[in-house]
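The values are calculated or read from the model by the stated rules, or taken from the named source; none is laboratory data. Computed from a predicted structure; not experimentally measured. When we count neighbours, we look across all protein chains shown, and the Cβ atoms used for this are built from the backbone with ideal geometry, even at glycine. SASA here: full protein model, heavy atoms, side chains in, ligands and nucleic acids out. Shrake-Rupley method; radii C 1.70, N 1.55, O 1.52, S 1.80 Å.
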Amino acid sequence: MERHLLSGNEAIARGAYEAGAQVCSAYPGTPSTEIFESLPQYSGPLYCEWAPNEKVAAEVAYGASIAGVRSLCAMKHVGLNVAADPIFTAAYCGVGRGYVIVAADDPGMHSSQNEQDSRNYARAARIALVEPSDSQECLDFMKEAYRLSEEFDMPVLFRVTTRICHSKSLVSLGRREEPAAVPYQRNIRKYVSNPANAVQNHPKTEANLRRLAAYGETSRLNKEEMNGGRIGVVTASAAYQYAKDAFPDDTSFLKLGLTYPLPMELIRDFASKVETLYVIEELESFMEEQIKAAGIPCTGKSLTGNLYELNPQLLAERVFHVQLPVVDVGIKAVSRPPALCPGCPHRGFFYTMSKGKDFVISGDIGCYTLGASAPLEAMDTCVCMGGGFSVAMGMAKAFAATGQEKKVFGVLGDSTFFHSGMTGAAEILYNQGHVIPVVLDNSTTGMTGHQDNPGSGRTLQGEIAAAIKIEDVLRSYGYQNVIIADPQDLAAMQQAVDGALASQVPAAIIARRPCLLLKHVRHGNGLCEVDGEKCVGCKKCLKVGCPAVSMRDGRACIDATQCVGCTVCAQVCPMGAISRKEMK
């Protein structure tokens, strides 16, 4: 049996492959992205795609399940909010073949706007919840999740966290199953979720959940490790790994892999074998509340708290009041806040917007969120994907109602436009909002690692696809003045902003330039240099917020190892002290 060092995400992809999944759909989002970046390497009847958003991904995968093949969709935790509508309905209807939904939570918000606990979705939707604690379990539990989905006729929520997704461990690989497709037959009673059918489906869902709860009492996904009778810990996922390090050697563990519905009698029996029972889990007291409600004494969140991710050191301090030894190396780490990359096409747009005194800029999720950082500080809000346009609309209506003269811009990226920005663009036009929608089109889904989208012209599997033109969509909506500008041409960018503000008809802006990191796009190979004789140290070049530009001995200095020659700094220099030099 082959053993490979795999991340959790890679193991999830392998598990879906070995389980015989045939149709897989996802929207990229850290920490889940690498699952679908790993899938295309596998041969056989395996179709995988980037969908425009998570709701579409969940619907595509569910459609495949209805049609008789095993399917997978994956997303980060906030994407589960977008996908919730079809998932809740699928719970009532049931499945054809196995249907698994991967939700990757982000305790500590390493790359997210919140740290919601997606386990609550399983309880709300009334579906199975499976949680692995290492890469081997990611593979093994994925295969079991498909079996559970089919046996209990329900979707399975496969919940992981950042540490599970990105940590690596040795994994034993198996062979791919080829489960026979279920021949499709129309079943109006099961799959047409009108009120009359839904009323009858709900009792079936509850009955399936009760059967699953009984199965959980003896499931191999749940494992008891008895080491003594003094301390017992009920735990799951990454918290199991932390607790194993932090608790004494004689601690007994009940590690749960099926965490909804909870195997309450198994927990009750385990609790009877120990003097003190702890429930160790990250984020919310999902398990602890249910265990206490069942009349089983335990403690957990009162000690560990419900903020951020845990680790062994925190558990030792909070549970046992033990300060683990640390070593002071005598070096203070330099603060390195995230910044737009040198040469990022978004920089020119945000520099232009930073000069507007009465601009209100509603931003969105992506690389361009960094436009809110100093020194640009050209963003007022960032709520969620698609919110750039819709939040701007609400602000504009509020300003109009209160007599405030504000120029409102809604800003989002090209991938976000296809994800959930088009509805906001329609809202602005339909309800006559005084908002200028701006799409920052860098030809990719940048922040998650350069995945393709409906405007890029390629699919996840590398096939050439129709590239939907954003300007065609906006014009079809009724935006009569769609202005396209290169954001690294600051004069053209300023002209675009001024033109949109002065427009007498609905106007929109597309700031278009490919991301500098795209491998298939050729860029120039020049570098910018500073003429020390001309530089007066005015620091205006620092206002563009480029990591390559700094000050040294009172003069501007450009780091040649970072500069890509975009010339934005040269365009803002009032002394003409910065110029681009072509490299041979």
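For every residue, the table says whether it meets (1) in a strand (DSSP E or B); (2) open to solvent by 10 Å² or more (accessible area, probe 1.4 Å); (3) within 22 Å of Q488 (Cα to Cα).
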{"site": "S390", "(1), (2), (3)": "no, yes, no"}
{"site": "E405", "(1), (2), (3)": "no, yes, no"}
{"site": "F409", "(1), (2), (3)": "yes, no, yes"}
{"site": "F417", "(1), (2), (3)": "no, no, yes"}
{"site": "I436", "(1), (2), (3)": "yes, yes, yes"}
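Filtering the range 504-531 down to residues that are within 25 Å of the chain's Cα centre (by Cα) and open to solvent by less than 70 Å² (accessible area, probe 1.4 Å), which residue is nearest to T561 (Cα to Cα)?
Filtering first and then ranking leaves L516.
For L139, are the conditions met, namely being under 28 Å from the mean Cα position of the chain (by Cα) and outside any helix (DSSP H, G or I)?
Numbers: under 28 Å from the mean Cα position of the chain (by Cα): yes; outside any helix (DSSP H, G or I): no.
For L139, the condition - under 28 Å from the mean Cα position of the chain (by Cα) and outside any helix (DSSP H, G or I) - is not met.
When the residues of the range 243-270 are filtered to those that are open to solvent by 20 Å² or more (accessible area, probe 1.4 Å) and over 18 Å from S133 (Cα atoms), which remaining residue is nearest to the chain's Cα centre (by Cα)?
M264
Scan (1) under 18 Å from T299 (Cβ atoms); (2) free of Cβ contacts under 8 Å to residues at least 60 places away in the same chain for the single condition L266 breaks and write down its number.
The failed condition is (1).
Got at least one residue in the range 494-503 being at pLDDT 95 or above and open to solvent by 80 Å² or more (accessible area, probe 1.4 Å)?
Step one: list which residues in the range 494-503 are at pLDDT 95 or above, which gives 494-503.
Filter once more, so that each one left must be open to solvent by 80 Å² or more (accessible area, probe 1.4 Å): 495.
Yes, the range 494-503 has at least one match.
Conditions: (1) open to solvent by 20 Å² or more (accessible area, probe 1.4 Å); (2) in contact (Cβ under 8 Å) with a residue 12 or more places away in the chain; (3) in contact with a strand residue (DSSP E or B) (Cβ under 8 Å, 6 or more places away or on another chain). G462 meets all but one. Number of the miss?
(3) is the only condition that G462 fails.
Yes or no, residue by residue, for (1) assigned to a helix (DSSP H, G or I); (2) in contact with a helix residue (DSSP H, G or I) (Cβ under 6 Å, 6 or more places away or on another chain); (3) open to solvent by less than 100 Å² (accessible area, probe 1.4 Å):
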{"residue": "M287", "(1), (2), (3)": "yes, no, yes"}
{"residue": "I296", "(1), (2), (3)": "no, yes, yes"}
{"residue": "L310", "(1), (2), (3)": "no, yes, yes"}
{"residue": "L315", "(1), (2), (3)": "yes, yes, yes"}
{"residue": "V319", "(1), (2), (3)": "yes, yes, yes"}
{"residue": "L340", "(1), (2), (3)": "no, yes, yes"}
{"residue": "G348", "(1), (2), (3)": "yes, yes, yes"}
{"residue": "M353", "(1), (2), (3)": "yes, no, yes"}
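Could you count how many residues in the range 539-557 are over 15 Å from P375 (Cα atoms), open to solvent by 60 Å² or more (accessible area, probe 1.4 Å) and touching a residue at least 12 places away in the same chain (Cβ under 8 Å)? I'd like the intermediate steps shown before the answer.
Narrowing the range 539-557 to residues over 15 Å from P375 (Cα atoms): 552-557.
Then drop every residue that is not open to solvent by 60 Å² or more (accessible area, probe 1.4 Å), which leaves 552-553, 555.
Checking the rest, the ones that are also touching a residue at least 12 places away in the same chain (Cβ under 8 Å) come to 555.
Residues that pass the stated criteria total 1.
If you check V327 against the conditions, is it part of a loop (DSSP other than H, G, I, E, B) and either under 22 Å from D105 (Cβ atoms) or more than 23 Å from the chain's Cα centre (by Cα) (or both)? Outline the logic, then answer.
Values: part of a loop (DSSP other than H, G, I, E, B): yes; either under 22 Å from D105 (Cβ atoms) or more than 23 Å from the chain's Cα centre (by Cα) (or both): yes.
For V327, the condition - part of a loop (DSSP other than H, G, I, E, B) and either under 22 Å from D105 (Cβ atoms) or more than 23 Å from the chain's Cα centre (by Cα) (or both) - is met.
Name the residue, out of T567, T561, that is of a type in the set (V, I, T), surrounded by 14 or more Cβ atoms within 10 Å (Cβ to Cβ) and out of contact with any helix residue (DSSP H, G or I) (no Cβ under 7 Å at 6 or more places or on another chain). Walk me through how you get there before you give the answer.
Details: T561 fails: surrounded by 14 or more Cβ atoms within 10 Å (Cβ to Cβ).
T567 is the lone residue from the list that is of a type in the set (V, I, T), surrounded by 14 or more Cβ atoms within 10 Å (Cβ to Cβ) and out of contact with any helix residue (DSSP H, G or I) (no Cβ under 7 Å at 6 or more places or on another chain).
Taking A333 and the conditions (1) open to solvent by 50 Å² or more (accessible area, probe 1.4 Å); (2) within 25 Å of E471 (Cα to Cα), which numbered condition does it fall short on, given that it satisfies the others?
Every condition holds for A333 apart from (2).
With the checklist (1) closer than 28 Å to A570 by Cβ; (2) in contact (Cβ under 8 Å) with a residue 60 or more places away in the chain in hand, flag the one item P338 doesn't pass.
Here P338 clears every test but (2).
Kindly establish whether Q432 is in contact with a helix residue (DSSP H, G or I) (Cβ under 9 Å, 6 or more places away or on another chain) and part of a loop (DSSP other than H, G, I, E, B).
On the way: in contact with a helix residue (DSSP H, G or I) (Cβ under 9 Å, 6 or more places away or on another chain): no; part of a loop (DSSP other than H, G, I, E, B): yes.
No, not satisfied.
In the range 48-64, what residues are hydrophobic (A, V, I, L, M, F, W, C) and open to solvent by 30 Å² or more (accessible area, probe 1.4 Å)?
Taking the range 48-64 as the starting set, the residues that turn out to be hydrophobic (A, V, I, L, M, F, W, C) are 48, 50-51, 56-58, 60-61, 64.
Scanning the range 48-64 gives W50, V56, V60.
Which ones in the range 118-156 are of a type in the set (F, W, Y) and either open to solvent by less than 10 Å² (accessible area, probe 1.4 Å) or without any contact (Cβ under 8 Å) to a residue 24 or more places away in the chain (or both)?
Just the residues of the range 118-156 that are of a type in the set (F, W, Y), to begin with: 121, 141, 146, 152.
Matches in the range 118-156: Y146, F152.
Evaluate the following for A425: is it more than 28 Å from A465 (Cα to Cα) and either assigned to a helix (DSSP H, G or I) or at pLDDT below 95 (or both)?
On the way: more than 28 Å from A465 (Cα to Cα): no; either assigned to a helix (DSSP H, G or I) or at pLDDT below 95 (or both): yes.
No; evaluated as a whole, the condition is false for this residue.
Test R159 against the criterion of being charged (D, E, K, R), open to solvent by less than 30 Å² (accessible area, probe 1.4 Å), within 24 Å of H77 (Cα to Cα) and in contact (Cβ under 8 Å) with a residue 12 or more places away in the chain, and give yes or no. Before the answer, list the steps.
On the way: charged (D, E, K, R): yes; open to solvent by less than 30 Å² (accessible area, probe 1.4 Å): yes; within 24 Å of H77 (Cα to Cα): yes; in contact (Cβ under 8 Å) with a residue 12 or more places away in the chain: yes.
Considered against the rule, which asks whether it is charged (D, E, K, R), open to solvent by less than 30 Å² (accessible area, probe 1.4 Å), within 24 Å of H77 (Cα to Cα) and in contact (Cβ under 8 Å) with a residue 12 or more places away in the chain, R159 comes out as yes.
How about the range 87-117: which of its residues are more than 13 Å from Y308 (Cβ to Cβ), under 20 Å from the mean Cα position of the chain (by Cα) and buried (at least 24 other Cβ atoms within 10 Å of the Cβ)?
I87, V100, I101, V102, A103, A104 - these are the residues of the range 87-117 that are more than 13 Å from Y308 (Cβ to Cβ), under 20 Å from the mean Cα position of the chain (by Cα) and buried (at least 24 other Cβ atoms within 10 Å of the Cβ).
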